[in-house]
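Each value in this text was obtained by applying a stated rule to the coordinates, not by laboratory testing. Not measured: the values here are computed from a predicted model. Glycine also receives a Cβ, built like all others from the backbone with ideal geometry; neighbour counts cover every protein chain displayed.
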Amino acid sequence: MMEGSQDDLLIMDHDYSRRLFLRKKISLTTSTCVLLIVIFFSSLFVVSITSFYLTESPICYVTNNVEKVKSEEPTARPIYISRPKRSLTPKKVELCMNLGCCPNLDPTAPWEKPRLPTNVYPEDYQLELSLFQLNQPTDTYSGTIDIVLGVRSPTNEIILHADGLLYSDVFVTKRSSPNDTQLNVECIVPFPNTQTVVIRVTEQLEKDVTYDVKISFFRALNIHGTGLFESQFNKDQFGLQKSRIILTHFEPVHAREAYPCFDEPGFKTKFQLTVKHDNNTQILSNWDEEESFVDGAWLQTEFQTVPPIPTALTAFAVFYTDDFDRRSASVVHPITGHTIDINLWARKQFFTNDNGIYVDAPLLMTKNILQALLNIFQDIQTHIVPKKIDILAVPEYPSDAVSHWGFIIFTEQALLHNYMTTSELEHQRIALLIAKELAEQWYGNFISFKWWTDLWLQEAIANYLKYHAVNAAYPTWNIHDQFAVTELQSVMFDDSMSTSHPILKSVNSATEIDELYDSIETTKATAILRMADYYMEKSTNIKNNTLTIIIDFLRDHQYGFLIPDELLSKYRIDSWSGPDFFDRWLLQSNYPKIFARILHNTADNTSIFQLSQSRFLSAHMYEYDLYPASVTPFGYTWYIPITCKFGTTSNELNFTRTFYLDTARMDFPFGTLNYQYFYCNTDFAGYYIMDYTAENWGELSAALDNNNPSLLEIDRANLLNNAFLSAQSNEESYSVVRGVTQFLVRDAYKGILSWQALSYHVNRMLDVLEYESLYGVVQKYFRFVVRRYYTTFETTLWNDDGTFSEQILKNTIIQLACRLQLPECIDKATVLWNDAYPSLVNGEADHSIVDHAREVVYRTHFQNTYNDSEWITIESDYHNFVDVQERYRLLEAMTQSRQPWHLYQLLYRDAEPNKDTDVDLLQVLTLLAKNPVGRELVWLYYRKHWAELQTTYGRTNQRLGQLLMDITATFEDEFHEVELIDFLASTPGVNTNVDARFWALERANMNFWWIVDGSKDMAESFDLET
């Protein structure tokens, strides 16, 4: 080992504690050794005899037919709304868990299919659980599920979902008068491949007769953040005291891991929960608590019955009363006067501490947004939202937030904040997340989808509603336009790859269901609704058509299912019916590129406007094209509405016309009208990009330079996005990008959307080019673009004066300037850091750096400093910050250090040892992957610990696939691509990570060829000497 190698010292220190025990000496006397040997052989003999008798009958476990002895427990009272608990004293029956005891069971029958049969269906659930795990060392819980069954056709088998459960009793009872009749259970057989269990009875179930199925079960708490699981966290800043919370995460198909059920969205059923838990704990669930009574050391809490709901939307949480507190607010329905209480639960440290209170701001935000949604749906007077909504903020959860009817779970980082220390971008992000989760109370809970192929519409509607709700609650934010630059740009980049997929695709297995949750289902689907709404307004001259359709459908289908064909049939875009229009966007991947040009006929002085469409791909790896044109129903031809503006001078676009393109090419006669240039896709309304001639691009650049008033701010952002995407595919020269960015230099342009669009694409380019010689040329050009604005407004950029949108613009400018290593920005960040550093060391979140600049200052400082002591101090102290937003900013900044020993220490000495308490290991890995130095460390860690990560986080955890995409997003050379191929070849693709592997491989290949094919063009286009 080289002397002074800090990496090697860290490695030795990391492994030292593991090897220490080998150095201890153990002394044993002769008599002690003899005693140990005798004990060993005696134990071996006892175990052998016991095993012999216990395994004498290996197939069936049969008990005597004696009456079940009821344990002493409080008498259960009638449950609100639901049927009373049934007073049933069944007789024990033979309980067989093997096909050998059930010869009449065909192993190839419906239980081997991915979907449950519908001949038997649930009408009511009553679930009783005993959850004492917080106070006991054991992690095993027990429960009883009582299901009321309806029967559509005669059968001997009851098939339902269950995964990893063990059973102690199973009873099937026929409801009859005057006495119920117990049926003989022939066997209960699990089928792990389909996560189902089959209960076979000897007497056939009769059509239109009601039955009760009562199953007693037990299992261990889950360890992967799905089903019913336990999460640990630190109670104090030093990690000396730890606590735990029991949570559920049943979406999309994990309720079956907690209790036997019909775990498909089409089986909506009333649900009532009763839980026995320790009397020093609190339990929350979907609906109001009906009653809770004490018996000794435990409580029995019974909840009111939830109206018909899919099992994935049931939820509950158990935590110590000493750990959490709550704060409440209320809203009132504008028509009925119905009051809804909002209870925000969080750990007590967020209510009182030296840096302020972190529950008041999110509670007020939730109140304002919920009131806005109630106003939007005010004509529907059904009490859709229960009289209370519990919102629980937890240290760690598999998703940022999950909405259940009456109960929403957030991570602390996604929700809790102090208004005085939170930037406008963070406010916007939190508000939109709250709005989406609240919108799902209407679309997602009150109305839910029937099968997973319809998930896209629920996600699209909730995403669409969140912008309306936030706009109503905070009208000065101009939130509608933010959709284009915060969501639409990124999904268009992802959807331009051949490994993308249609919104509608076949969904059968649990793995395919887990794969559904991505931006294609959510953002792309929202963009298509937005496009349909925009062009339906042009056809009808009526605004907010989509909102009207959503409200009307909800009124007509209360407590029912979301039916896409019926809802989409309400649309009409010119001559196209809603289903015809949407089919072409939902059943085909990617999106169209439209080539537009004006053809002049000099002979008769007439002109034709020509439009042609084709599939747009930023890079095409044919071997990975999962949806070639031959398998698409429409051959990559879309129904495309396009509004264009035409002009004769660069100062105006004085003629507007809408076209409807539904074939590969269409010609539109213009007669003697003669226009010099045009712009299409007004208001960035269409989900497509335009392709213009070089002459038209030049005219558009001139129009931008001359500040043409017909080009609105969102149109300018659209042109920037269009130019970057076209150049990315090498179908346009980067000289087009240079042309359409010149207007930003003129008079220090102040439009927020244009700067946000530019920032997104420039940051993405620089991330890939970090190790390339081309980096300097690109950096120098865009530094020139941003310098004019920065130097003009440098004084105001770093203060907190201005509107909400102006603060976001300031953040965008200084982030881009510092990312481009503008010396003035680096120097200013250093000065601000030095001023705030003493406060940060003292754990003060409210200090001299304004909110919108904190993230930039922290990151820029650690990227450019070699001050070890500062980094080590922050790394030691950031755990102590109660302000979760400030803590995340500091963590993100530390991961951007260019000193590898810092990154190694953060990963191996901090994140990995504390991954089960207060550090999210996957989050740290993701942040490190964004650092060109940290990327190599994370890539090595990911490959080395692949099996361990699968075991720790589970095969269905989408974050593992997302982490692979984050690591490989900037791979740009053959070496890394070969490494990636070797890794993919040596490790199997599992569950939800399969698509991520295809995406990672195409992205690495695309980056490589983008540089190979486009480097000369970029060098020439961005050369400031030309």
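Through the Karplus equation 6.51 cos²θ - 1.76 cosθ + 1.60, θ set to phi - 60°, convert the phi angles of the stretch 140-149 into ³J(HN,Hα) values in whole Hz; use x for Gly and Pro.
9, 10, 10, x, 9, 10, 10, 10, 8, 10
Mind sorting out which of (1) 75; (2) 42; (3) 55 is the real percent of Cα pairs over 43 Å apart computed from the coordinates?
(2)
Could you list V924, V209 in order of exposure, starting from the residue whose Cβ has the fewest other Cβ atoms within 10 Å?
V209, V924
Between I608 and E652, 0.36 nm times their residue separation minus their Cα-Cα distance comes to what?
Stretched out fully, the I608 to E652 stretch lengthens by 13.8 nm.
Does the stretch 77-322 come out rounded, prolate or oblate by the C-alpha gyration tensor, with a ≥ b ≥ c the root eigenvalues, rounded set by a/c under 1.5 and, if not, prolate when a/b is larger than b/c and oblate if not?
Cα axes put the stretch 77-322 in the prolate bin.
Across the stretch 478-491, in residue order, what do the Karplus-derived ³J(HN,Hα) couplings come to in whole Hz, using 6.51 cos²θ - 1.76 cosθ + 1.60 with θ = phi - 60° and x for Gly and Pro?
Working through the residues one at a time gives 6, 6, 4, 5, 5, 4, 5, 9, 9, 10, 5, 4, 5, 6 Hz.
Once both labels are modelled 7 Å past Cα along the beta-carbon direction, what's the T803-E1020 spacing in nm?
Roughly 4.3 nm, to one decimal.
Name the residues whose placed amide hydrogens come within less than 5 Å of the amide hydrogen of T196, ignoring near sequence neighbours (fewer than 5 apart) on the same chain.
A162, F191
Roughly speaking, what is the stretch gain from F668 to Y559, that is 0.36 nm per residue apart minus the C-alpha to C-alpha distance, in nm to one decimal?
Full extension from F668 to Y559 adds 34.5 nm.
Can you sort W345, W946 so the residue with the fewest Cβ neighbours within 10 Å comes first?
Least crowded to most crowded, the residues run W946, W345.
What's the exposure ranking of T526, T803, going from fewest to most Cβ atoms within 10 Å?
Going from least to most buried by this count: T803, T526.
Please list the non-local residues whose amide H lies under 5 Å from the amide H of H404, H modeled 1.01 Å from N, same-chain partners needing a gap of 5 or more.
I409
Give me, ordered by chain and number, the residues 5 or more places off K235 or on other chains with an amide H under 5 Å from its own placed amide H.
Result for K235 returns Q241, K242, S243.
HN-Hα J couplings of the stretch 957-972 from phi, Karplus 6.51/-1.76/1.60, θ = phi - 60°, integer Hz, Gly and Pro as x?
7, 5, 5, 5, x, 5, 4, 4, 5, 5, 5, 8, 4, 10, 4, 9
Compute the distance from the alpha-carbon center of the stretch 924-1003 to that of the stretch 801-853, in whole Å.
33
If you average the alpha carbon positions of the stretch 318-396 and of the stretch 765-792, how far apart do those two centres end up, in angstrom?
45
Return the calculated 222 nm mean residue ellipticity for the chain, to the nearest 500 deg cm²/dmol, obtained by summing -39500 (n - 2.57) across DSSP H runs with n ≥ 4 and dividing by the residue count.
Helices in the chain give a 222 nm mean residue ellipticity of -12000 deg cm²/dmol.
Report, in degrees rounded to the nearest 10, the 0 to 90 angle that the Cα long axis of helix 30-54 makes with the longest principal axis of the chain.
80
Mind computing the radius of gyration and Dmax over the alpha-carbon atoms of the stretch 854-903? Å is fine for both.
Using the Cα atoms of the stretch 854-903, the pair Rg, Dmax is 10.1, 28 Å.
Can you flag which of K113/K276; K367/K915; K174/K505; K780/K810; K436/K828 are past 31 Å Cα-Cα?
Those over the limit are K113/K276; K367/K915; K174/K505; K436/K828.
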